[in-house]
1. Which of the residues belonging to the range 51-73 are out of contact with any Phe, Trp or Tyr (no Cβ under 8 Å at 6 or more places or on another chain) and either assigned to a helix (DSSP H, G or I) or modelled with pLDDT of 90 or more (or both)?
2. Closer than 30 Å to K131 by Cβ and in contact (Cβ under 8 Å) with a residue 12 or more places away in the chain: is that true of T5 in this structure?
3. Among A106, A115, which is assigned to a helix (DSSP H, G or I) and among the small types (G, A, S)?
Amino acid sequence: MGKLTAVAVRSSKAVAGKRKKLTDGGGLYLLVTPKGHRYWRYDYRYAGVRKTLSLGIYPEVELKEARLAHANARADLAKNIDPSQQKQLRKRAVLCAAVSTFESVALDWFERKLADKSDSYRVRTLRILQKDLFPYLRNR
């Protein structure tokens, strides 16, 4: 395992009009497109079905990082967990955490719009938000 080098990855080019795969072993490879885009991929089998997991785009994801992501995906497979489903679950968790709630939007508004107001006005407005609005609209 680990046939690719950083120099080989950096200088990789596709044959005119065709995609090229540079394998690293264990199902990990760099897919080079005719336009010069390079994608890290991992081919594996789960429940008897061949699947491909995208690990990132080169140069954003270097060889070392791709190997680490590959090792993590193989560890998931060893635990009988589908790496593609794991990736989707992680994406959903990040999206759910970033969802705007009334409280987060109101606090953002409070910081931006009331920065130049007097302290007494800011305290009174924040108290109204916390006492009257957040208990009812916090997670909406």
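1. The initial filter retains those residues of the range 51-73 that are out of contact with any Phe, Trp or Tyr (no Cβ under 8 Å at 6 or more places or on another chain), namely 59-60, 62-65, 67-68, 71-72.
Those that are out of contact with any Phe, Trp or Tyr (no Cβ under 8 Å at 6 or more places or on another chain) and either assigned to a helix (DSSP H, G or I) or modelled with pLDDT of 90 or more (or both): E60, E62, L63, K64, E65, R67, L68, A71, N72.
2. no
3. Working: A115 fails: assigned to a helix (DSSP H, G or I).
Testing whether each residue is assigned to a helix (DSSP H, G or I) and among the small types (G, A, S) leaves just A106.
The values are calculated or read from the model by the stated rules, or taken from the named source; none is laboratory data. Everything quoted here is computed from the prediction, not taken from an experiment. Here the Cβ is made from the backbone with ideal geometry for all residues, glycine too, and neighbour counts use every protein chain on show.
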